[in-house]
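Reviewing the structure listed below.
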Amino acid sequence: MSDKDTGQREGFSSKFGILCAAAGSAIGLGNIWRFPYVVGDNGGGAFLLVYLAFILVLGIPVMLSEFVIGRRGQRNTFGAFRRLAPGRPWWIIGIMGIAAAFMILAFYSTIAGWTLEYVYKAATNAFQGKSSDELGTMFQSFHTQTFRPLMWQLVFMIMTAGIIIAGVKRGIEKYAKILMPFLVLLLIVMAIRSITLPGAMGGLQFLFKPDFSELSPAVFLSALGQAFFSLSIGMGALITYGSYIGKENKLGNISVEVSIADTLIALLAGVAIFPAVFAFGLEPGEGPGLIFHVLPNIFQQIPGGYFFSVIFFILLAIAALTSSISILEVVVAFLVEELNIRRRHATIMAAAAATFVGVFCTLSFGVMEDTSLFGKTVFDLLDFTSSNVLLPLGGLFIVVFVGWFLGASNVRDELTNSGTLRFRLFSIFMFILKFIAPVAIAIVFMNSIGLIKLGGS
Ligand code: PHE
């Protein structure tokens, strides 16, 4: 990847490849597993509105800022800050991002492992003829075990590392390009089935009819965390990818297109899940297991459900892979470019370290269920700290860096490719970076830790 001696860095080979890689990073378990469970935990419609507002006003600007930093810096997330701000401590953002990458990879691989088990279950026809209760018990008895979830987690990590070792073009780009459109198609089929189930209306109301009494400072923070997690922003994954994007590409368009695709897929997942949750009389706030309980119920109701379920879980695992590689790449690009470690070794080291932490995440649903730190299981603690604290904080620093430090002319230069492309909304963009985004993130934070008090309970 880094070839400092010749000054050549490997990059993405086509516009479509870049889009797929960036969308591949954004679209993953965050949309299909995390989004529904967080919406369910936070009371539905009102959360959704706040989430959408955050994507628009904060998500897109932060994503674009990351691309600007990466492409201008031509380096991993730590190196890019060091290059753009020599002698200043902005590189700390890079270190924070690397820490967040470890945490996310650790718990992400737990859930990705569950997905692999569900590929196996689907393929062996394990959902066939089971009642909703039985499907719940099936998930319960699987994810609290020790051996099987760990085995799948390891399998997933090995796959992630394998793709990263193969590099940008042969690895990341190739896999991302082919498979994502299929996933969308399947989600549409499932959403249609879900909304035509008797009793589905309740789910649509839950998702789309805001009940503002549900809003609290904690709900705002969860919405912020989910927006950042889902868009893959705040930890430098897109700084790293940005450094592989050629100068001729329009960063603005990529950011908007990726954000729209990511949001539509989360909404589609919501429309597939919640009507079914209500139709089967399940609990929307049941937590991280939500989709593993609900989806097999839907497949039971679809003609050819066996076939759909196998393909769906395979595609979900692949969507998880195109995201997990973008997380691991943050760490690997850092180790390779800053510490001169060979790509293969760097990958193995980083993946092994994340797996080690990941073991505790996986076990926190089983034998370590009662082990808690700050009142949270290991899984919840890592999920909360990375998504709701490190990513928004990273995003805050990133917009401040681009808005106040990098200099408007540098930013304009990068966005217009030295004046050869148009970027119409430049002044609005800079205004958001300088004022709106930092203030909004700071308010959500301070409100959630009780430093200030704005509405809600
Ligand atoms: N956005 C990814 C998903 O939705 C997860 C992710 C988070 C990837 C942070 C990179 C960085 O699954």
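Expected output is a single nm value to one decimal: the length gained when fully extending between Val189 and Gln145, i.e. 0.36 nm times separation in residues minus the C-alpha distance. What is it?
On the way: separation 44, 0.36 × 44 = 15.84 nm, distance 3.21 nm.
Full extension of this stretch gives 12.6 nm more.
Along its three principal axes, how long is the stretch 50-114 when you only count alpha carbons? Whole Å, largest extent first please.
Result for the stretch 50-114: principal-axis Cα extents of 43, 29, 18 Å.
Give the order of Tyr241, Tyr108 when sorted by the count of other beta carbons within 10 angstrom, beginning with the fewest.
Values: Tyr241 28, Tyr108 32.
Ranked by crowding around the Cβ, least crowded first: Tyr241, Tyr108.
Starting from the 7 Å offset along Cα-to-Cβ, what nm value, one decimal, do you get for the label separation of Thr137 and Met201?
Using points 7 Å along Cα→Cβ, the separation is 3.4 nm.
Give, as ranges by residue number, the residues of the stretch 216-256 whose backbone N falls under 16 Å from the point 7 Å along Cα→Cβ of Leu425.
Those under the cut-off are 250-256.
The stretch 260-401: Rg/Rh from Cα coordinates, Kirkwood Rh?
Numbers: Rg = 18.9 Å, Rh = 18.4 Å.
On the Cα set of the stretch 260-401, Rg over Rh gives 1.03.
Quick one: net charge around Ile348, please, counting Lys, Arg +1 and Asp, Glu -1 for every other residue with C-beta under 15 Å from its C-beta. Let's see the in-between values first.
Values: positive: Arg342, Arg343, Arg344; negative: Glu329.
Summing Lys and Arg as +1 and Asp and Glu as -1 gives +2.
Could you list Tyr244, Tyr118, Tyr37 so that the one with the fewest beta carbons within 10 Å of its beta carbon is first and the one with the most is last?
Values: Tyr244 24, Tyr118 27, Tyr37 20.
Ordered by Cβ neighbours within 10 Å, fewest first: Tyr37, Tyr244, Tyr118.
Given the peptides 260-266, 180-186, arrange them by the average over their residues of other C-beta atoms within 10 Å, most packed first. Don't skip to the end; give the middle numbers.
Values: 260-266: 20.6, 180-186: 15.7.
Ranking the peptides 260-266, 180-186 by packing returns 260-266, 180-186.
Could you tell me how many cubic angstrom of Cα convex hull volume the stretch 76-191 has per residue?
Working: hull volume 19.7 nm³, N = 116.
Roughly 170 Å³ of hull volume per residue.
Roughly speaking, what is the stretch gain from Glu369 to Ala218, that is 0.36 nm per residue apart minus the C-alpha to C-alpha distance, in nm to one decimal?
On the way: separation 151, 0.36 × 151 = 54.36 nm, distance 2.36 nm.
Gain on stretching Glu369 to Ala218: 52.0 nm.
For the stretch 256-341, evaluate the Debye formula with one uniform point scatterer on each Cα (no solvent term) and list log10 I(q)/I(0) at q = 0.18, 0.26 Å⁻¹, rounded to two decimals.
The Cα Debye sum returns log10 ratios of -0.92, -1.29.
With no solvent and one point on each alpha carbon, what is the Debye value of log10 I(q)/I(0) for the stretch 139-272 at q = 0.09, 0.10, 0.16, 0.20 Å⁻¹?
-0.44, -0.55, -1.27, -1.36
Can you give the FRET efficiency to the nearest 0.05 for Phe208 and Asn253, using r as the Cβ-Cβ distance and R₀ = 25 Å?
Numbers: r = 29 Å, r/R0 = 1.15.
Efficiency, rounded to the nearest 0.05: 0.30.
Against the empirical 2.2 N^0.38 Å scaling, what ratio does the C-alpha Rg of the chain come to? Walk me through the numbers before you get to the answer.
Working: Rg = 21.1 Å, N = 457, 2.2 N^0.38 = 22.6 Å.
The value comes to 0.94.
List the extent of the Cα atoms of the stretch 226-277 along each of their three principal axes, largest first, rounded to whole Å.
Each principal axis gives a Cα extent; for the stretch 226-277 these are 45, 21, 12 Å.
Span-like helices, the chain: DSSP H, alpha-carbon axial extent 15 Å or more, mean Kyte-Doolittle -0.5 or greater, which ones? Spell out each step's value before the answer.
Numbers: long enough: 15-26 (17 Å, 1.28); 60-73 (20 Å, 0.73); 91-123 (47 Å, 1.34); 132-143 (17 Å, -0.43); 147-166 (29 Å, 1.66); 174-195 (34 Å, 1.80); 217-231 (21 Å, 1.49); 251-279 (42 Å, 1.77); 290-300 (16 Å, 1.33); 305-339 (49 Å, 2.04); 343-363 (30 Å, 1.09); 437-448 (17 Å, 1.80).
Long hydrophobic helices here: 15-26, 60-73, 91-123, 132-143, 147-166, 174-195, 217-231, 251-279, 290-300, 305-339, 343-363, 437-448.
Bear in mind that the values in this text are calculations on the coordinates, not laboratory data. Since the structure is predicted, the reported quantities are computational estimates derived from the model, not experimental observations. Here the Cβ is made from the backbone with ideal geometry for all residues, glycine too, and neighbour counts use every protein chain on show.
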